[in-house]
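Q: Next up is a structure, given as structure tokens.
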Amino acid sequence: MSTPPFDLFVIGAGSGGVRAARMAAQRGARVAVAEMAALGGTCVNLGCIPKKLYSYAAHYADAFEESRGFGWRFDAPPVFDWAQLKTQRAREISRLNGIYDDLLRRHGVALFHGRAQLTGPQEVTVGGVAHTAHNVLIATGGHSLWPVFPGAEWAVTSDAMFDLPRFPQRLLVVGGGYIACEMASIFAGLGAQVTQLVRGTAVLTGFDQEVAAFAAAQMRQHGVAQRFDTTVSAIERSADGMLHVTLASGEVLPANTVLHATGRGPNTAGLGLAEVGVELDKRGAIPVNANYQTCVHSIHAVGDVTDRLQLTPVALAEAMALVDHLFGSAAGHPPRQVDYDLIPTAVFTHPNIGTVGWSEAQARERCNGGVRIFRSEFRPLRHTLSGSSERCLIKLVVDAASDRVVGLHMVGPDAGEVVQGFAVALRAGATKAVFDTTLGIHPTLAEEFVTLREAS
Ligand code: NDP
């Protein structure tokens with residue numbers, strides 16, 4: 001006897017998939033989720049969460065060193081235990097996996113472990129069993145793109161970095177994006193000798209370039225060696241396990257580990273998408289309309305698999321918008337749209353980068369009446385005693401015609417925490433005049449944002 005159709009069958013239990021499943025169930029829908037790996041997806045298992053935990057670990061190195069300036073004395077330098085950090089991380093991640101499992105089950109979501117495949121516009125097969133559903137959601141996320149050159153198989157991607165069997169004393173990081181910069185900072189902080197190889201002339205090319213250059217300089221101050229205009233042409237492994245990385249220039253660099261962090265692509269292979277008529281774009285991502293519907297109307301997609309903005313909060317917002325579109329009205333929740341403007345983001349380099357809105361270059365292109373730039377670069381109070389030479393940059397980009405603050409950027413401790421709050425102000429349309437009449441909280445780094453008076 002066949003089971004009645006689900007209202008929603010979600011493929012992929014990452015941030016977007018789990019949020020959609022839970023919310024749809026809360027709206028009274030009959031929901032199933034299929035996942036072939038650990039619950040929680042990239043963010044929980046291989047991305048944001050382990051990355052942030054390791055970033056905390058790495059910050060201790062600075063904290064120990066800086067504490068001497070505040071009167072702390074210890075005779076032997078603290079010792080870092082890689083195995084202990086990995087064990088602690090694994091314990092926390094499996095706790096989170098359990099929470100996701102519990103969350104889905106408590107909401108009555110049917111959970112299928114295994115590879116799911118579309119076998120019809122309204123049919124998903126897992127482990128040889130076909131399930132019908134009125135709506136299907138593809139929330140399969142993305143994967144690291146692999147480089148193509150001789151010996152590329154000796155490199156690793158970010159998936160492997162948190163669980164490397166041995167701590168990489170010499171680490172080469174290829175790439176200049178989010179993952180490369182974060183991993184370079186984290187592993188340098190943990191004590192590795194890190195060299196970052198960047199193919200162009202700058203890291204974080206999508207960011208305000210003054211901010212990116214300032215952050216890159218701070219990373220170098222924190223021990224990350226950076227080489228620009230540099231590409232890898234081959235990797236060889238010698239009998240002792242050492243890697244020898246040949247650059248396009250012919251120079252050879254030794255390394256224990258080579259991390260390739262050169263972008264991520266959507267997980268669309270093997271899902272049976274083409275067979276049921278779902279078209280992909282040229283990057284292999286699933287195009288969707290404003291309601292996350294693919295060209296096959298019963299099939300939807302959210303998150304990294306659509307290759308818009310690869311950020312967890314974006315996937316969550318899309319999932320919630322989709323669920324309200326599908327099931328919200330009956331449950332008293334009107335449809336909502338995700339606004340892709342002014343999405344704040346942080347890069348957890350050391351120090352952090354936080355940003356919301358336009359870069360100076362974007363504003364110069366878009367603001368017809370001109371742009372006013374306010375910036376300040378300074379030594380944080382903490383470092384007057386810490387001995388650290390770390391500096392902080394804050395920058396406001398203002399549309400001269402309307403006085404609206406259209407970009408806000410920070411490089412400094414906890415920049416993500418600071419910028420999250422200001423993102424609300426920007427979304428509320430705050431002008432520079434509003435910033436000027438806001439009193440600061442003294443002494444903080446964030447107060448600098450409301451005390452900038454002279455345009456540069
Ligand atoms: P990014 O797109 O951020 O960066 C890719 C980097 O790789 C760029 O520096 C790019 O250079 C370089 N690159 C691309 N192809 C090659 C190549 N063939 N050889 C050498 N370098 C190359 O990708 P990531 O993988 O770092 O991260 C993927 C996404 O994940 C991010 O865009 C972000 O959305 C998300 N993410 C978010 C985080 C956060 O919120 N904190 C943390 C980690 C990831 P160029 O600039 O010249 O193109």
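Q: Residue check, Cys181 against (1) near the ligand (Cβ under 8 Å from one of its atoms); (2) surrounded by fewer than 24 Cβ atoms within 10 Å (Cβ to Cβ), all met but one. Which one?
A: Status for Cys181: all satisfied but (2).
Q: Quick one: Asp159 ticks every box in (1) assigned to a helix (DSSP H, G or I); (2) surrounded by 15 or more Cβ atoms within 10 Å (Cβ to Cβ) bar one, so which box is it?
A: All conditions pass for Asp159, except number (2).
Q: Next up: Could you check how many residues of segment 374-426 are assigned to a loop (DSSP other than H, G, I, E, B), surrounded by fewer than 18 Cβ atoms within 10 Å (Cβ to Cβ) and in contact (Cβ under 8 Å) with a residue 24 or more places away in the chain?
A: Residues that pass the stated criteria total 10.
Q: Scanning for something assigned to a helix (DSSP H, G or I), modelled with pLDDT of 95 or more and within 18 Å of His350 (Cβ to Cβ), does segment 28-48 turn up at least one residue?
A: Yes, segment 28-48 contains at least one residue that is assigned to a helix (DSSP H, G or I), modelled with pLDDT of 95 or more and within 18 Å of His350 (Cβ to Cβ).
Q: Another question, then. Please work out which one of (1) in contact with a Leu (Cβ under 8 Å, 6 or more places away or on another chain); (2) within 16 Å of the ligand (Cβ to nearest atom); (3) of a type in the set (S, T, N, Q) is the condition Gln117 fails and give its number.
A: Evaluating Gln117 over (1) in contact with a Leu (Cβ under 8 Å, 6 or more places away or on another chain); (2) within 16 Å of the ligand (Cβ to nearest atom); (3) of a type in the set (S, T, N, Q) leaves (2) as the failure.
Q: Check Ala83, Ala58, Ala76 and return the single one that is assigned to a helix (DSSP H, G or I), within 24 Å of Phe167 (Cβ to Cβ) and away from the ligand (no atom under 16 Å from the Cβ).
A: Going through Ala83, Ala58, Ala76 in turn, just one is assigned to a helix (DSSP H, G or I), within 24 Å of Phe167 (Cβ to Cβ) and away from the ligand (no atom under 16 Å from the Cβ): Ala83.
Q: Okay, moving on. Output the number of residues of segment 304-355 satisfying the condition of being in contact (Cβ under 8 Å) with a residue 60 or more places away in the chain, over 22 Å from Arg264 (Cα atoms) and in contact with a Gly (Cβ under 8 Å, 6 or more places away or on another chain).
A: Of the residues in that region, 6 qualify.
Q: Residues of segment 278-291 being free of Cβ contacts under 8 Å to residues at least 60 places away in the same chain and in contact with a strand residue (DSSP E or B) (Cβ under 6 Å, 6 or more places away or on another chain), which ones?
A: Hits for segment 278-291 are Gly284, Ala285, Val288.
Q: For segment 14-72, give me each residue that is of a type in the set (Asp, Glu) and either over 29 Å from Pro266 (Cα atoms) or in contact with a Cys (Cβ under 6 Å, 6 or more places away or on another chain) (or both).
A: Hits for segment 14-72 are Asp62, Glu65, Glu66.
Q: If you take the residues in segment 186-211 that are within 15 Å of the ligand (Cβ to nearest atom) and small (Gly, Ala, Ser), which one is nearest to Pro78 (Cα to Cα)?
A: Taking the candidates together, the pick is Ala202.
Q: Given the options Leu243, Leu204, name the one that is under 30 Å from Arg379 (Cβ atoms), crowded, with 17+ Cβ neighbours inside 10 Å and in contact with a helix residue (DSSP H, G or I) (Cβ under 8 Å, 6 or more places away or on another chain).
A: Only one candidate passes the filter, namely Leu204.
The values are calculated or read from the model by the stated rules, or taken from the named source; none is laboratory data. These numbers come from a predicted model, not from an experiment. Glycine gets a Cβ as well: all are built from the backbone with ideal geometry, and neighbour counts include every protein chain shown.
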